[in-house]
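To start, the structure under review is shown below, and the notes come after it.
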Amino acid sequence: MAKVEEIRRSQRAEGPATVLAIGTANPANVVYQADYPDYYFRITRSNHLPELKQKFKRMCE
């Protein structure tokens, strides 16, 4: 049991926590919400489902 406590103690930092950096992640590509249904149905090869595509377009509006 002493070994477990030693391991836990060695894995913990001493002193105050510090934020070293703050960053943002932005994708290199952009798909606008109005164009998303056409994009989604094209990449999923679901263009044969026009009723579902129209419903999805209404959701994105």
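The values are calculated or read from the model by the stated rules, or taken from the named source; none is laboratory data. Worth saying up front: this structure is predicted, and the values here are computed from it rather than measured. Quick reminder, even Gly has a Cβ in these numbers, built from the backbone with ideal geometry, and neighbours come from all protein chains shown. Ligands, DNA and RNA are stripped out before the accessible areas are found, and what is left, the full protein with its side chains, is counted by its heavy atoms. Shrake-Rupley method; radii C 1.70, N 1.55, O 1.52, S 1.80 Å.
Couple of notes before you dig in:
- In this Cβ point-charge picture (+1 for Lys and Arg, -1 for Asp and Glu), the chain has a dipole of about 200 debye about its Cα centre.
- Spacing of the modelled spin labels on Lys3 and His48, each 7 Å from Cα toward Cβ, amounts to 6.1 nm.
- 12 Å beta-carbon shell around Lys57, net charge (K/R +1, D/E -1): -1
- By the helix-only formula, in which each DSSP H run with n ≥ 4 contributes -39500 (n - 2.57) and the sum is divided by residues, the chain has a 222 nm mean residue ellipticity of -14000 deg cm²/dmol.
- Principal-axis tilt of helix 2-11 within the chain, Cα atoms, nearest 10 degrees: 60 degrees
- Helix 50-60 vs. the chain, principal-axis angle (Cα, 0 to 90°, nearest 10): 50 degrees
- In the chain, chymotrypsin sites (Phe, Trp or Tyr not before Pro) in a DSSP loop with at most 10 other beta-carbon atoms within 10 Å: Tyr32
- Surface accessible to a 1.4 Å probe, Thr18 within the full protein complex, Å²: 100 Å²
- Of the trypsin sites (Lys or Arg not before Pro) found in the chain, those that fall in a DSSP loop while having at most 13 other beta-carbon atoms within 10 Å are Arg12, Arg45.
- Of the labelled figures (i) -0.39; (ii) -0.63; (iii) -0.71, only one reflects log10 I(q)/I(0) by the Debye sum over Cα atoms at q = 0.15 Å⁻¹ as derived from the coordinates, namely (ii).
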